Amino acid sequence: MTRRTTLARGGLLAAAALLLGAAAPHAAAQRADSGNWLFVTVTQGDGRHGERPGRLLLCDPPQGHAKAAEACAQLDAVDGDIRRLERRDTYCPMVYAPVTAHARGEWNGHTVDYRETFANGCGLQARTGAVFAVED
C-alpha cells in the first residue's frame with residue numbers, strides 16, 4: 001500500500017467513527033423524548049385574542065389534566081389525529097358561546113397542530129372527547 005492509500009483509509013475510518021459517535025447521543029436523546037404529548041388550550045371566543053393558560057397532556061404515563069388517561073386512550077385510537085376522533089352522539093343546547101380548542105405537540109414522531117372553533121363547550125366535548133378537558 002502506498003502512503004496516500006493508507007492516509008485515505010485512515011481519514012475514512014476517522015470520519016466514520018465521528019459520524020457514528022455523533023449519531024449515538026442523538027438516537028439516545030430521541031428515544032428519551034419519544035413520548036406522546038400535547039399542549040392543549042381552550043379559549044373563549046374565536047381564539048384570535050390570545051390563549052388562556054393551557055395544560056400539558058403527557059401520555060407515558062398519562063398526566064396533565066383530570067381525564068388524561070381517557071384522553072390518551074382516545075388519541076391512541078386515532079394515532080394522535082384529533083380530527084379523526086369519533087363524534088359522541090349528544091344533544092347540545094343551541095346557545096352560541098364560541099370556544100376555540102388548540103393543541104400542539106407531537107404524537108408518534110409526527111407534529112400535531114390542531115385548532116378549531118366550536119359553537120359552545122358542549123360541541124367541543126362532543127367532538128373531541130376528553131382531550132380538551134383542561135378544567136379540573
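Where a number appears in this text, it was derived from the coordinates with a stated rule and is not lab data. No experiment lies behind these values; they were computed from the predicted model shown. Virtual Cβ from ideal backbone geometry, glycine too; neighbours counted across all protein chains shown.
Toward the positive end of the charge dipole of segment 73-118, about the Cα centre and with charges on Cβ (Lys, Arg +1; Asp, Glu -1), which of L75, H110, P93 goes farthest?
With unit charges placed on the Cβ atoms, the residue in question is P93.
What percentages make up the Cα-Cα pair-distance distribution of segment 85-136 when the bins are 5 Å wide from 0?
5, 18, 26, 25, 15, 6, 3, 1
Report the label-to-label distance for A77 and A119 in nanometres (one decimal), using points 7 Å from each Cα along the Cα→Cβ vector.
2.4 nm
Suppose the chain between H110 and M94 were pulled fully straight at 0.36 nm per residue; how much longer would it get relative to their current alpha carbon spacing?
In short, 2.2 nm is gained.
Under 8 Å for C-alpha pairs, at least 6 residues apart: give me the relative contact order for segment 83-128, rounded to a whole percent.
It comes to 46 percent, rounded to a whole number.
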